[in-house]
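Read through the structure below, which is laid out as structure tokens, and then see the notes.
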Amino acid sequence: MKVKELKPGYKKILGILAIILGFIALITPFTPGAFWLLFIGLELIGVNILFLSKIEERLRYINSKIKDKFKRKKKEGL
């Protein structure tokens, strides 16, 4: 079953559980690296992390510029 197929109520409950587990992982040394559940829980509830989408857009722009630069160098070399 995909998460998108869940009813909105179940999706919120799953999101809240993920946030709680992520917070516990953040404050306890027994679960290192599991704090990413905080972000998954926030996404399930519907809180979009805007700065991540802006960073992704910027990285795509930089990647396209680098690809264009290599294409031009390759054409000049032929």
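Numbers for the structure displayed
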item: At R0 = 35 Å, FRET efficiency that the Cβ-Cβ distance of THR31 and TYR61 yields, to 0.05; result: 0.45
item: Order of ILE62, ILE19 under a 10 Å beta carbon neighbour criterion, fewest first; result: ILE62, ILE19
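Here, each number is a calculation from the coordinates, and none is a lab measurement. Small disclaimer: the values here were computed from a predicted structure and weren't measured. In this analysis, Cβ positions are derived from the backbone assuming ideal geometry, glycine residues included, and neighbour counts consider all displayed protein chains.
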